[in-house]
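Structure first, commentary second.
The values are calculated or read from the model by the stated rules, or taken from the named source; none is laboratory data. Predicted, not measured: the structure shown is a model, and the values here were computed from it. All Cβ positions, even for glycine, are placed from backbone atoms using ideal geometry, and neighbour counts span all protein chains on display. Surface accessibility is based on the protein's heavy atoms, side chains included, excluding ligands, DNA and RNA. Shrake-Rupley method; radii C 1.70, N 1.55, O 1.52, S 1.80 Å.
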Amino acid sequence: MLIFKAIKSVWTALIWKIKYGSSIKVAFPQAMEKVTLEKDKNAVIILKEKIQNRGAFYLGCKGQGRLEIGSHCFFNTNASVTCMKKITIGDYCKFGNNLVIVDHDHDFKETGEEFPGEEITIGNHVWVGAGCIILKGVKIGDHAVIGAGSVVRRDVPAGSVYYDKREAVFL
């Protein structure tokens, strides 16, 4: 079974290379299954070695976006990473299920830029709990921990623990 998964991962990476050419770089070995990849012509995706996922994993890189995922990263079920500007994820990061990382918004005020965005940087050895959303412009330092259910709207210093303190409001 393990050999079949390895062959499938290599086959998927080769298909991506044929389809997208030099704008996608995929290191080997990988252990990626059930990955949906959407990439525009001018977008760049770099996947370093030994990235793993369990269950559905969406990678979207649109426009002039640049998405880079470091070595030895793990994404649990239902992870979604959508990039229109730049998202950089360091090495040895772990992400819980139902993750959303998005570096842009939709311009509902019609101010000119359809998808205003800012770069996201996630350091090395970062652990992100289940059900987290990481929004545009955020920098998360090395060895940080993001508590389950958090919406990360501001920078998280290296070595710190971040959790969303919002309380439920009943009307």
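Structure above, values below:
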read-out: Counted residues, the range 68-113 - those being under 21 Å from Arg154 (Cα atoms), assigned to a loop (DSSP other than H, G, I, E, B) and open to solvent by 60 Å² or more (accessible area, probe 1.4 Å); value: 4
read-out: Residue match in the range 129-148 (condition: under 26 Å from Ala13 (Cβ atoms) and in a loop (DSSP other than H, G, I, E, B)); value: no
read-out: Residue satisfying all of: in the range 58-67; assigned to a loop (DSSP other than H, G, I, E, B) and in contact with a strand residue (DSSP E or B) (Cβ under 8 Å, 6 or more places away or on another chain); least open to solvent (accessible area, probe 1.4 Å) among these; value: Gly65
read-out: Selection status of His125, part of a loop (DSSP other than H, G, I, E, B), under 22 Å from Ile51 (Cβ atoms) and either out of contact with any strand residue (DSSP E or B) (no Cβ under 8 Å at 6 or more places or on another chain) or in contact (Cβ under 8 Å) with a residue 60 or more places away in the chain (or both); value: yes
read-out: Within the range 87-116, considering residues that are at pLDDT 75 or above and among the hydroxyl-bearing types (Ser, Thr, Tyr), the one farthest from His143 (Cα to Cα); value: Thr88
read-out: Residues that are surrounded by fewer than 18 Cβ atoms within 10 Å (Cβ to Cβ), under 14 Å from Thr12 (Cα atoms) and β-branched (Val, Ile, Thr), drawn from the range 28-57; value: Thr36
read-out: Qualifying residue in the range 21-44 (condition: more than 26 Å from Gly131 (Cβ to Cβ), out of contact with any strand residue (DSSP E or B) (no Cβ under 9 Å at 6 or more places or on another chain) and among the charged types (D, E, K, R)); value: yes
